[in-house]
Every structure is written in structure tokens, then in C-alpha cells.
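The values are calculated or read from the model by the stated rules, or taken from the named source; none is laboratory data. Every value quoted in this text rests on a predicted model; they were computed, and no experiment measured them. Quick reminder, even Gly has a Cβ in these numbers, built from the backbone with ideal geometry, and neighbours come from all protein chains shown.
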Amino acid sequence: MERRENVDGGMEEGASGVESAWDYPRPPRLEATGRHLRVVHAGVVVAETTRAMRILETSHPPVYYFPPGDVAMQLLRPSRARGTFCEFKGIASYWDLMVREGGSLSIGVAWSYANPSRSYLELKDYLAFYANRVGECWVDGERVVPQPGDFYGGWISSQVKGPFKGAPGTLGW
């Protein structure tokens, strides 16, 4: 076990290989990952890949982006709910999920960038999923916990530690 100083100035123990969200850069870093990722909703596998990209940004757990060829695109439709702007990646479009659970449609479960900024061109048309808007999200066989709040889409696993931006009172970080 290694001991490290946490953001509060105290010491904590952690397993080797555990990443700290506070070591991630700003602007965010985009990198390929071979981790086995899976999104399941109402018992249906919506996306599964070992060919994802991930965004690493200070104070956030990783956000995983799936290549469209590894997503059941027939279950998704462009959302009219909203669009947002990221100062780094550009304008995001959102996706609704048409796997019916109790007769309802899941709105805004994923987002993508049709025309990302130059530094993030590799993300073009890849989809990221909100772990709190689908049934289950998995990284290497571990079910993830959604990033706190309803805006950010990071996936928290045992391989990353916080604290993380998103909970009430953290928007000014």
C-alpha cells in the first residue's frame, strides 16, 4: 500500500494503480482505452466495447466514449431535449434511448460531438452515456457509480478516487 496526501491535506492509503481525479489535466486529456465497457438498460445491452476513448479532466472521474459501431444505434434517436457547449470539445448533441421500461422513453441518456474542436477530433460521433440515466454501466466487470449531480457524466470505479466535482456546492471548483 502507498500513502499519499489527499486534497484535504490528510494522508490516505490506496492501492497501486488507482488514479486520482486531481492528477488529471485541464484542459482535459483524450486517450484510447482497451478497458471492457458495457452499458445495459432494462436487461438489454445498449453498448459494449474494448475500443473506447476516455476524457480525463481535473476533479472528474473518467468519461468513456463508445465508437458508434459498438453501440446498438437502432435503440437510440437524436434528442430534442437539449444541446450543450463544452469550452474544450464543442457543441454536444444528446440521444434518447428507446428501450422501453414500464412504457417510458429514457431522455438524454447519451451525448456525442458531430463536429468536435480540433484537439478532440478523435471523438467525432463517439457516444458517452450517463451512468445515472441507464440501468447499469460497467468497467472491466465492475459496476460503476455515477458522478454526482445531473450534469457531468463521469463513471466512478475502484480505479479512480476523488473527491469529484458535481455534488451540491462543488460547481465553483
**Prompt:** Looking at (1) of a type in the set (F, W, Y); (2) under 21 Å from A21 (Cα atoms); (3) crowded, with 20+ Cβ neighbours inside 10 Å; (4) touching a residue at least 60 places away in the same chain (Cβ under 8 Å), which is the one condition that is false for Y130?
**Reply:** (4)
**Asked** Got a sec? Which of G83, G69, G17 is closer than 20 Å to R143 by Cα and out of contact with any helix residue (DSSP H, G or I) (no Cβ under 8 Å at 6 or more places or on another chain)?
**Response** G17
**Candidate set: the stretch 68-113, residues that are modelled with pLDDT under 95 and part of a loop (DSSP other than H, G, I, E, B); chosen: the one surrounded by the most Cβ atoms within 10 Å (Cβ to Cβ)** = K89
**Message:** If I ask for residues that are over 24 Å from R118 (Cα atoms) and among the hydroxyl-bearing types (S, T, Y), which ones from the stretch 68-86 would you list?
**Reply:** S79
**Request:** Within the stretch 116-173, track down each residue that is closer than 22 Å to Y94 by Cα and acidic (D, E).
**Result:** E122, D125, E136, D150
**Asked** Does the stretch 147-156 include one or more residues that are in contact with an Asp or Glu (Cβ under 8 Å, 6 or more places away or on another chain), surrounded by fewer than 18 Cβ atoms within 10 Å (Cβ to Cβ) and over 14 Å from A47 (Cα atoms)?
**Response** no
**Request:** Kindly check whether there is at least one residue in the stretch 29-48 that is loosely packed, with under 13 Cβ neighbours inside 10 Å, at pLDDT below 95 and not in a strand (DSSP E or B).
**Result:** yes
**Request:** May I ask you to list the residues in the stretch 114-134 that are part of a loop (DSSP other than H, G, I, E, B) and either under 18 Å from P61 (Cβ atoms) or not small (G, A, S) (or both)?
**Result:** N115, P116, D125, Y126, Y130, A131, N132, R133, V134
**Prompt:** Among the residues of the stretch 135-173, how many are under 14 Å from T58 (Cβ atoms), among the hydrophobic types (A, V, I, L, M, F, W, C) and modelled with pLDDT of 90 or more?
**Reply:** 2
**Asked** Would you call G169 buried (at least 21 other Cβ atoms within 10 Å of the Cβ) and assigned to a loop (DSSP other than H, G, I, E, B)?
**Response** no
